[in-house]
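Everything on this sheet refers to the single structure shown next.
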Amino acid sequence: MSALAHEGLVIDWAQMPTYNTVMSVAVGAGLILLVWLGRELIRTPHEVVPEGWALAFGVLGFILTTTGLHMTLTWPLAAGGFPFDNIIFGETSLAFGVLLLAASLYVWFRGRTVLTAEGGLEHLRQVARPVSVFVLGMGLGLIGIAVAGVKYQLFAAPPEEPISGAFAEWPLVEAIFMSGLIALVGVGAVLFPFALRAVRSGLWKVIGCAWGITGVAFLLFGAMNFFTHIGLIVNTMG
């Protein structure tokens, strides 16, 4: 939750919808699944069941595309409160969601054919090259968001929010934590086009570590926020 810490804070939640809880869980799950699939493709490609991965990417892509699109096109979604949330959560979730949907369609229709063919990984590398330009751009954008998060201390929770609100007096704590996670995802995305130069590039391990760590963090943080955001709403309904 972005920050405005006021004593006796009262929020008109009818004018300020928020659902970055499910978005965070979906982003975390998506990053984890990408790392997991990449590991299986390198180690045991013939044991991969494409339909399962296609369904997983489709579910997460649908959630992130619909919520991200609504948040992106509704300006500002957070009426008078945190309009930059549209950029930070909405646009990035929309981009990741569409990428997951594209991956879902490809894996569903072409996955089994490609994975059972000779040189399947090389084919996947060639398929991913064009979209890597967009991944690179979004990676740079995520790093920009991370810098803005620290500079403007955007992510500090108000004291009315359980758990996270305990750090309200030190807004840099959550700003550094969230910005660090976002920057780490961005670094992985920036490295992605360069890793595609070779199927077994050492950069894949760096990307895997970056996305694996942040995936787990976003998944757990989003799950925690189902409690903290409910508590914030209860404490600020007036």
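For the range 123-179, report the % of Cα-Cα distances exceeding 15 Å. Cα-Cα pairs in the range 123-179 separated by more than 15 Å: 58 percent. When the trypsin sites (Lys or Arg not before Pro) in the range 188-220 are filtered for DSSP coil states and for at most 13 other beta-carbon atoms within 10 Å of their beta-carbon, the remaining sites are Arg197, Arg200. With distances taken between every two different alpha-carbon atoms, the range 92-151 has a Kirkwood hydrodynamic radius of 13.3 Å. Near Phe82, no amide H atom lies under 5 Å from its own; only residues 5 or more places off or on other chains count, and H is placed 1.01 Å from N. For an R0 of 30 angstrom, estimate the FRET efficiency from the Cβ-Cβ distance between Leu9 and Val133 and round to the nearest 0.05. With R0 = 30 Å, the Cβ-Cβ based efficiency is 0.10. Which one of Leu115, Gly222, Leu73 has its Cα pushed farthest toward the positive end of the charge dipole of the chain, where Lys and Arg give +1 and Asp and Glu give -1 at the Cβ? Most positive-ward Cα: Leu115. Loop-located GluC sites (Glu not before Pro) across the range 62-153 with a Cβ neighbour count of 10 or fewer within 10 Å are Glu118, with loop assigned by DSSP. Taking the 1.4 Å solvent-accessible surface of the range 18-235 as the whole, the part contributed by carbon and sulfur is 74%.
Rg/Rh for the range 18-235 (Cα atoms only, Rh after Kirkwood) is 1.00.
The charge dipole of the range 18-235, taken about the Cα centre with unit charges on the Cβ atoms of Lys, Arg (+1) and Asp, Glu (-1), comes to about 780 debye, rounded to the nearest 20.
The values are calculated or read from the model by the stated rules, or taken from the named source; none is laboratory data. The shown structure was predicted, so the numbers you read here are calculated from the model rather than taken from an experiment. Methodologically, a virtual Cβ is constructed for each residue, glycine included, from the backbone with ideal geometry; neighbour enumeration extends over all protein chains shown. Please note that ligands, DNA and RNA were not included when accessible areas were found on the heavy atoms of the full protein model with its side chains. Shrake-Rupley method; radii C 1.70, N 1.55, O 1.52, S 1.80 Å.
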